[in-house]
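Report on the following structure.
The values are calculated or read from the model by the stated rules, or taken from the named source; none is laboratory data. Everything numeric in this text was worked out from a predicted model, so none of it was measured. Every residue, glycine as well, gets a Cβ built from its backbone with ideal geometry; the counts of neighbours run over all protein chains shown. Accessible surface is based on the protein model in full, side chains and every heavy atom, while ligands, DNA and RNA are left aside. Shrake-Rupley method; radii C 1.70, N 1.55, O 1.52, S 1.80 Å.
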Amino acid sequence: MNYWIKRILFFSPCLLIGSFIFAQKKSAPPLNAEKQAVLASVQKHEKELIELSDKIWGYAEMAMREKKSAAALADFAESRGMRISRGVAKIPTAFIAEFGSGKPIIGIVGEFDALPGLSQKATPRKEPLTEGNPGHACGHNLFGAGSLGAAIAIKELIAAGKLKGTVRFYGTPAEEDLAGKVWMAREGLFNDLDVCLDWHPDYENKANMQSSQAVIDYNISFRGKSAHAAFDPWNGRSALDAAELFTTGINFLREHVKPGVRIHYVFREAGKVPNVIPDTAAVWLWIRDTKRSGVEAVDKRMRDIAKGAALMAGVEYNISLNNGLYELLINETGAKTLHANMEMIGPITYTNDELDFANKIMKEYGGEIKGINGAIKPLEKTKEDPPGGSTDVGDISYIVPEITLMATTAPYEAPWHSWVVVACGGMSIGHKGMLFAAKALGATMVDLFQNEKLRQDIRKEFEQRKGKEVWKAILPDGPPPVPVD
Ligand SMILES: [Zn+2]
């Protein structure tokens with residue numbers, strides 16, 4: 001069934017019944033009137049949602065600088081009758097769009113920040129839009145607009161008296177850097193939610209069953225004494241020596257950490273010229289593990305290594321925290337509900353032009369040509385160690401139950417954070433994934449609003465998985481690091 005036939009099906013009541021019966025055989029929750037209304041709403045707003053996503057794709061603004069992108073999303077929500085609170089958690093680009101009143105309160109997050117240096121046109125060959133500028137290489141332009149599409153569909157149902165409660169869209173900036181959601185979470189903005197949803201662009205359609213890595217991000221700086229490196233080096237104390245000893249220690253530590261641990265660093269400062277003993281040096285270091293508790297164990301060793309390195313080089317040292325993220329807590333009950341709704345909607349289908357685009361772009365990149373995967377992937381088993389990478393959605397998942405969707409917006413096994421993802425996110429392959437996400441998340445929200453028992457079961461699983469862990473923001477004191485310019 002191609003995309004256009006599927007669109008016609010949704011508009012035709014007779015055929016819709018046919019597809020409804022078909023869906024009934026495969027999945028638990030029925031395509032009831034409210035879900036039909038969600039699908040119709042996304043269809044109705046399709047053109048505007050694509051325009052909104054493309055606008056943000058063009059702005060390509062980076063963490064905490066997403067002024068135009070945040071305004072575009074907030075203005076869109078406001079023009080559709082949602083109440084807006086702009087600049088929440090002291091972040092000018094963070095906002096909340098809400099509709100309805102009372103319980104349940106169902107939240108959905110939308111990201112919109114881009115990545116540096118990845119500017120790219122929506123073409124299947126490497127062609128920057130503006131050389132050196134940022135680009136949406138993680139598809140967050142689609143993420144924000146898709147989530148808002150789902151929230152607006154629910155808003156319309158609440159306005160029509162078909163659902164009771166509150167829908168709340170969170171405009172969450174700075175995911176790629178600076179941990180935007182953690183600053184929002186520290187203000188308690190997610191505390192009263194019953195359930196929260198999110199999605200992420202991907203090369204597969206699935207209800208996410210995999211966790212993510214917990215991480216801590218630090219700056220380790222050393223301060224010594226400069227001197228002429230040839231004339232009187234005995235008077236100098238090299239901060240760079242300490243930084244090198246520190247990273248040597250970190251690299252020896254690798255043998256003694258658990259397999260899930262990842263440690264990576266760069267030198268931020270390492271002297272200016274060889275004939276001056278550097279009096280300052282700095283290392284930017286991230287420690288990741290499957291669990292937050294695992295990161296803490298490595299953190300203690302790292303601090304000893306910094307102290308030892310400073311002692312050996314005879315210099316001062318300082319460790320400053322940038323931020324830290326929790327691992328994502330999976331909710332299987334929620335994922336199953338989402339999965340059933342994805343099955344009900346059916347796979348994403350592509351035109352020959354889109355398949356050609358996908359194959360051409362993978363060839364240009366030098367990757368394997370595997371087409372585009374629009375199928376709904378069966379629910380996976382949760383792996384003991386998650387795939388590499390971290391997200392600030394992890395922090396929300398420790399505060400309230402979180403359900404995450406992945407939707408295909410790029411060719412199969414496309415290299416993420418690359419120009420390939422930017423190109424696909426600015427054309428129909430990306431748009432189709434975004435619209436699919438809006439429908440699947442909207443339909444899942446209908447279940448969450450209508451089924452109290454489901455909400456209770458989701459909450460029960462959340463409490464069990466969280467156990468005794470008490471969430472606490474891993475952030476330095478003071479306000480968020482909003483750039484001044
Ligand atoms: Zn991302």
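In region 177-237, what chymotrypsin sites (Phe, Trp or Tyr not before Pro) fall in a loop by DSSP, with at most 14 other Cβ atoms inside 10 Å?
Qualifying residues, ordered by number: Phe231.
Would you report the distance distribution of C-alpha pairs in region 56-185 as whole percents per 5 angstrom bin, up to the bin with the largest distance?
2, 12, 21, 21, 17, 12, 8, 4, 2, 1, 0
For the chain, find the longest principal axis of its Cα atoms and tell me its angle to the long axis of helix 33-44, 0 to 90°, nearest 10.
Once rounded, one gets 70 degrees.
Once you order the gyration tensor axes a ≥ b ≥ c over the Cα atoms, which shape class does region 250-303 get: rounded for a/c under 1.5, otherwise prolate or oblate by comparing a/b with b/c?
Prolate, since a/c reaches 1.5 and a/b exceeds b/c.
Give a residue-ordered list of calculated ³J(HN,Hα) values for region 237-253 (Karplus: 6.51 cos²θ - 1.76 cosθ + 1.60, θ = phi - 60°; whole Hz; x for Gly, Pro).
10, 7, 5, 5, 3, 4, 5, 5, 4, 4, 5, 5, x, 4, 5, 5, 4
How high is the FRET efficiency between Ala297 and Gln464 when r is their beta carbon distance and R₀ equals 22 Å, given to the nearest 0.05?
Efficiency for this residue pair is about 0.40.
Quick check: from the Cα gyration tensor, does region 174-308 come out rounded (a/c under 1.5), prolate or oblate?
Cα axes put region 174-308 in the prolate bin.
Between the alpha-carbon centers of region 410-430 and region 308-361, tell me the distance in whole angstrom.
Going from one Cα centre to the other spans 15 Å.
What is the sum of charges around Arg80, taking Lys and Arg as +1, Asp and Glu as -1, for the other residues whose C-beta is under 15 Å from the C-beta of Arg80?
Computed value for this residue: -2.
Compute the relative contact order of the chain as a whole-number percentage, counting only Cα pairs closer than 8 Å that sit 6 or more residues apart in sequence.
For the chain, the relative contact order is 23 percent.
log10 I(q)/I(0), Debye, Cα-only region 243-384, no solvent, q = 0.17, 0.18 Å⁻¹?
Debye curve over Cα of region 243-384, log10 I(q)/I(0) at q = 0.17, 0.18 Å⁻¹: -0.98, -1.03.
What are the ³J(HN,Hα) couplings of region 369-385, residue after residue, when phi is run through the Karplus curve with 6.51, -1.76, 1.60 and θ = phi - 60°? Round to Hz, x for glycine and proline.
Values, residue by residue: 8, 10, x, 10, 9, x, 5, 8, 6, x, 4, 7, 8, 6, 7, 5, 9 Hz.
Once you treat every alpha carbon in region 112-175 as an equal point and sum by Debye, what is log10 I(q)/I(0) at q = 0.15, 0.18, 0.30 Å⁻¹?
Calculated log10 I(q)/I(0) at the listed q: -0.60, -0.71, -1.18.
Calculated FRET efficiency, Glu204 and Phe231, Cβ-Cβ r, R0 56 Å, to nearest 0.05?
So, using R0 = 56 Å, E works out to roughly 0.35.
If a/c stays under 1.5 just call it rounded; otherwise compare a/b with b/c (prolate if a/b is bigger, oblate if not). Do that for region 135-205, with a ≥ b ≥ c from the square roots of the Cα gyration tensor eigenvalues.
Oblate, since a/c reaches 1.5 and b/c is not below a/b.
From the backbone phi of region 336-353, what are the Karplus-calculated ³J(HN,Hα) couplings (6.51 cos²θ - 1.76 cosθ + 1.60, θ = phi - 60°) in whole Hz, Gly and Pro given as x?
These are the phi-based 3J(HN,Hα) values: 5, 5, 4, 4, 4, 5, 5, 4, 5, 6, x, x, 8, 10, 10, 7, 4, 4 Hz.
Express in nm, to one decimal, how much length is gained between Asn451 and Asn318 on full extension, taking 0.36 nm for each residue of separation and deducting their alpha carbon distance.
42.7 nm
Grab the Cα-Cα distance for Val266 and Lys44, subtract it from 0.36 nm times how many residues apart they are, and report the gain in nm with one decimal.
Working it through step by step, the gained length comes to 75.1 nm.
Short version: what are the Cα gyration tensor semi-axes of region 222-287, square root of 5 times each eigenvalue, largest first, in whole Å?
29, 11, 7
Amide H to amide H under 5 Å from Ile372: which residues, 5+ apart in sequence or cross-chain, H placed 1.01 Å off N in plane?
For Ile372, the qualifying residues are Tyr412.
Quick one: order Arg65, Arg223, Arg288 from most to least accessible surface, probe 1.4 Å.
Arg223, Arg65, Arg288
For region 440-475 and region 171-190, compute the distance between their C-alpha centroids and round to whole Å.
Distance between centres, Cα-based: 19 Å.
How much net charge surrounds His228 when only other residues with a Cβ under 14 Å from its Cβ are counted (Lys, Arg +1; Asp, Glu -1)?
That sum, taken over residues with Cβ under 14 Å, equals +1.
Net charge near Arg292: determine it from the other residues with C-beta under 12 Å of the C-beta of Arg292, scoring Lys and Arg +1 and Asp and Glu -1.
-2
With angles folded into 0 to 90 degrees, how steeply does helix 292-313 sit against the dominant principal axis of the chain? Use alpha carbons for both and round to 10.
20
From largest accessible area down, sort Tyr326, Tyr265; use a 1.4 Å probe on the protein chains.
Descending accessible area places them as Tyr265, Tyr326.
Taking each pair of distinct Cα atoms in region 161-239 once, what is the resulting Kirkwood hydrodynamic radius in Å?
Value: 18.4 Å, from the Cα pair sum.
Within region 97-236, what whole-number % of the accessible surface is contributed by carbon and sulfur, with the 1.4 Å probe and all protein chains included in the calculation?
50
What accessible area per residue, rounded to a whole number of Å², is obtained for the chain using a probe radius of 1.4 Å?
43
Can you spot the lysines whose alpha carbon is less than 23 Å from Lys472's alpha carbon? Ignore those fewer than 8 places along the same chain.
Lys90, Lys181, Lys291, Lys300, Lys460
In degrees from 0 to 90, rounded to the nearest 10, what is the angle of the helix 67-79 Cα long axis to the longest principal axis of the chain?
20
Relative to the present Cα-Cα distance, how much length would full extension add between Thr351 and Lys90 at 0.36 nm per residue of separation?
Computed gain between Thr351 and Lys90 is 89.5 nm.
How big is the C-alpha Rg of the chain next to the rule-of-thumb value 2.2 N^0.38 Å, as a ratio?
1.05
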